[in-house]
Amino acid sequence: MDFSYSEEQELLRNTVARFLADNYSFETFRKVTRSELGWRHAIWKQFAELGLLGASIPEAFGGLGGGAVETMVVMEAFGRALVVEPYVPTVVIAGGLIHAAGQGAQKQEWLPRIASGDAVLAFAFAEPQGRYNLADITTMAKKRDEGYVLNGQKAVVIGAPFADALIVTARTSGERRDTNGVTAFLVNAHANGISRRDYPTMDGLRASEITFENVEVTSENVIGTPDEGLPLIEQITDEAIAAHCAEALGAMRVMQEATVEYANTRRQFGVPIGKFQVLQHRMVDMFMQVEQSASMVLMVTLKLIEHAEERKKAVSAAKVQVGKAGRFVGQSAVQIHGGIGMTDELALGHYFKRVTMLDALYGSVDHHLARYASLQTSGGRQ
């Protein structure tokens, strides 16, 4: 089987790599993450001009009509550059949800705006008590006349400080952890009754704690079928996990390459430390973990179109491999570099922080190992 990129995908990879090399240095990353805004709208618009924001959006709505492989290509490059702009929440999650189940008016309004860089969206799904259970929702959407009233709290909403709209999961019926009764809403981020507490995350992103207090929405804000939103949310979340696995892969490649380069230049006892056999063994192990992760990232990307049970197993398997590899590669890189490895002035520590945060996003290694085992023992039914 040929896993080579198509001519268009190779062009996309080269284009984004060249652009980031010219416009997204480590010093730029440090400057942006320390700024008041925490991102660059001008870069976001340039992403749109290059076609990156529309890579997976249908051509009918101003996109390139690509799919998961194009997203993987972009995200691996973003991982190499420590990109902080909210690509996954806006393009993969919001764009994916609206394309898959949005109402006609929602598609016409939002997909072209996403592709053109005129809109930023955030995914408000996590709650303080929910851990990694997407159905553990206390945010309520009570029916009122022709619409709903939202009340509740969402935690660690990545990209919310500069979002134009929020994808909000809320319970419209049933009990707290029921798989039925979950609905997705597209909500104006500046609607009356929404309050935010913004803060930077450990890896340089921006997030918010969001409170909804009697926020009124209409039936036009519903994405998909009311009460039946969980399968769709799980599907889009799995697609986001695959994208973040590609991002982590890009970060791991940089850590592994930087470690080999350092070991070949840092001298001890009159020779480069890369000549020491024990360090050579460790760097080979790092390389193997990176390459195994690359295989798993490609596998999960190709399996996103499979039926739900197969898709879930592939996603969890990839998340486990990439999570374990990220920790091993990061720890090994820091150890070989010595104390300088975690200094703020060196890029290495920031890459390690990014893969550490990605490990926890949408489920840790332990969570996905348990989910994979549960799917295996239940014959694919979870």
For segment 154-203, how many residues meet the condition of being part of a loop (DSSP other than H, G, I, E, B), closer than 26 Å to Phe352 by Cβ and open to solvent by 30 Å² or more (accessible area, probe 1.4 Å)? 1
For Tyr262: the one exception among (1) surrounded by 18 or more Cβ atoms within 10 Å (Cβ to Cβ); (2) modelled with pLDDT of 95 or more: (2)
Could you figure out which of (1) among the β-branched types (Val, Ile, Thr); (2) open to solvent by less than 10 Å² (accessible area, probe 1.4 Å); (3) more than 26 Å from Asp366 (Cβ to Cβ); (4) touching a residue at least 60 places away in the same chain (Cβ under 8 Å) isn't true of Val88? (3)
Taking segment 34-71 and keeping residues of a type in the set (S, T, N, Q) and open to solvent by less than 30 Å² (accessible area, probe 1.4 Å) leaves Thr71
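Out of Ala191, Ala184, which single residue is modelled with pLDDT of 95 or more, among the small types (Gly, Ala, Ser) and in contact with a helix residue (DSSP H, G or I) (Cβ under 7 Å, 6 or more places away or on another chain)?
After applying the criteria, what remains is Ala184.
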Please state which one of Arg80, Arg113 is closer than 27 Å to Ala347 by Cβ and either at pLDDT 95 or above or hydroxyl-bearing (Ser, Thr, Tyr) (or both). Arg80
Would you say Ile137 is at pLDDT 95 or above, over 30 Å from Arg40 (Cα atoms) and crowded, with 21+ Cβ neighbours inside 10 Å? yes
Within segment 203-224, identify whether any single residue is under 30 Å from His307 (Cβ atoms) and β-branched (Val, Ile, Thr), and answer yes or no. yes
Lys303 meets each of (1) of a type in the set (Lys, Arg); (2) touching a residue at least 40 places away in the same chain (Cβ under 8 Å); (3) open to solvent by 10 Å² or more (accessible area, probe 1.4 Å) with one exception, condition (2)
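Tell me, yes or no, whether segment 248-259 has at least one residue that is without any contact (Cβ under 8 Å) to a residue 60 or more places away in the chain, in a helix (DSSP H, G or I) and more than 23 Å from Leu232 (Cα to Cα). Quick ask: steps written out before the conclusion?
Filtering segment 248-259 for residues without any contact (Cβ under 8 Å) to a residue 60 or more places away in the chain gives 257.
Subset that is in a helix (DSSP H, G or I): 257.
If we keep only those that are more than 23 Å from Leu232 (Cα to Cα) as well, we get 257.
Yes; the residues of segment 248-259 include at least one that is without any contact (Cβ under 8 Å) to a residue 60 or more places away in the chain, in a helix (DSSP H, G or I) and more than 23 Å from Leu232 (Cα to Cα).
Residues checked against (1) touching a His at 6+ places or on another chain (Cβ under 9 Å); (2) under 16 Å from Val168 (Cα atoms); (3) in contact (Cβ under 8 Å) with a residue 40 or more places away in the chain:
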| residue | (1), (2), (3) |
| --- | --- |
| Ser56 | yes, no, yes |
| Val73 | no, no, yes |
| Glu76 | no, no, yes |
| Gly95 | no, yes, no |
| Ala105 | no, no, yes |
| Pro112 | no, no, yes |
| Ala126 | no, yes, no |
| Leu134 | no, yes, yes |
| Gln153 | no, yes, yes |
Tally the residues that are closer than 13 Å to Gly79 by Cβ and surrounded by fewer than 22 Cβ atoms within 10 Å (Cβ to Cβ), restricting the search to segment 315-349. 1
Residue check: is Lys312 buried (at least 21 other Cβ atoms within 10 Å of the Cβ), assigned to a helix (DSSP H, G or I), within 21 Å of the chain's Cα centre (by Cα) and basic (Lys, Arg)? yes
Looking across segment 99-132 at residues that are closer than 16 Å to Ala184 by Cα and under 17 Å from the mean Cα position of the chain (by Cα), the single one that is most open to solvent (accessible area, probe 1.4 Å) is Phe125
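The values are calculated or read from the model by the stated rules, or taken from the named source; none is laboratory data. The structure presented is a predicted model; accordingly, all values stated were derived computationally and were not measured. Note: ideal-geometry Cβ built from the backbone for every residue, glycine included; neighbour counts use all protein chains shown. Protein only, heavy atoms only, side chains kept; ligands, DNA and RNA dropped before computing areas. Shrake-Rupley method; radii C 1.70, N 1.55, O 1.52, S 1.80 Å.
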